[in-house]
1. From zero outward in steps of 10 Å, how is the percent of C-alpha pairs of the range 51-154 spread across the bins?
2. Under a Cβ-only charge scheme (Lys and Arg +1, Asp and Glu -1), can you give me the dipole magnitude of the chain about the Cα centre, in debye to the nearest 20?
3. Comparing Leu14, Leu87, Leu121, which has the greatest mean-square fluctuation in the GNM of the chain with Cα pairs linked when under 10 Å apart?
4. Please name whichever of Leu112, Pro73, Gly58 sits farthest to the positive end of the charge dipole of the chain, dipole taken about the Cα centre and charges placed at Cβ: Lys and Arg +1, Asp and Glu -1.
5. Would you look at the GNM of the chain, springs on alpha carbons closer than 10 Å, and say which of Ala116, Ala100, Ala13 moves the most?
6. What is the range 82-148's relative contact order, in percent, from Cα pairs under 8 angstrom and six or more apart in sequence?
7. Find how much the distance from Ile83 to Gln131 grows on full extension, using 0.36 nm per residue of separation minus their present alpha carbon separation; answer in nm with one decimal.
8. Trypsin sites (Lys or Arg not before Pro), restricted to the range 1-110: which are DSSP loop and have at most 13 other Cβ atoms within 10 Å?
Amino acid sequence: MADAKRDDDKTQALRRRGCLNRYPEKVQDELFDRIDFFDPRDLVQVKYEMLRRVRLEGQSVSRAATEFGFSRPTFYQAQEKFIDSGLAGLIPSKPGPRGAHKFNDEVVDYVLERQAKDPSLRAEDLVGLVQQRFGFKAHPRSLERALERRKKNS
């Protein structure tokens, strides 16, 4: 019973950190079957072992990728990230945009200039001016959040 609880806790921890291997059943490497230390649910561990097999043991990329449940392109992506960032590079990054893609510094600066000239302008008015000047539509609340971020980071 205690082992099941520990396994469930580890699964939840891996999931929270984005490191849960969604396909642990695809890991065919014998170490992951024989030794408890090797956990096919741990995506970082699985990728590291795959890279180690190729680099230190001379296993072919195709064979290693297959035995560890990945494609060859995934192997090369993991290898590049490991070379660039070490073990931390194997931790999956969060999906989604990496920053403000519409309300960048140039757009926010423009909005702040317009607000300084006319403090009565509301977010609804400002997104209209942004659309005229920069050619994209945005929601007033998105603009408000961008202005809040700027204020917070100033």
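The numbers here are math on the coordinates, done by the rules we state, and not lab data. Just so it is clear, the model here is predicted, and its values are computed rather than measured. A quick note on method: Cβ atoms are made from the backbone with ideal geometry, for glycine too, and the neighbour counts reach across all protein chains shown.
1. Per 10 Å bin, starting at zero, the Cα-Cα P(r) for the range 51-154 comes out as 13, 31, 13, 14, 18, 10, 2 percent.
2. On the way: 31 positive and 25 negative charges, 109 e Å.
Dipole of the chain, to the nearest 20 debye: 520 debye.
3. Greatest mean-square fluctuation among the candidates belongs to Leu121.
4. Working it through, the farthest residue towards the positive pole turns out to be Leu112.
5. Maximum fluctuation in the GNM of the chain, among the listed residues, is at Ala116.
6. Working: 33 pairs, mean separation 18.7, N = 67.
That works out to 28 percent.
7. Working: separation 48, 0.36 × 48 = 17.28 nm, distance 4.23 nm.
My answer for the length gained is 13.0 nm.
8. Working: sites: Lys5, Arg6, Lys10, Arg15, Arg16, Arg17, Arg22, Lys26, Arg34, Arg41, Lys47, Arg52, Arg53, Arg55, Arg63, Lys81, Arg98, Lys102; in loops: Arg17, Arg22, Arg41, Arg98, Lys102.
Answer by residue number: Arg17, Arg22, Arg98.
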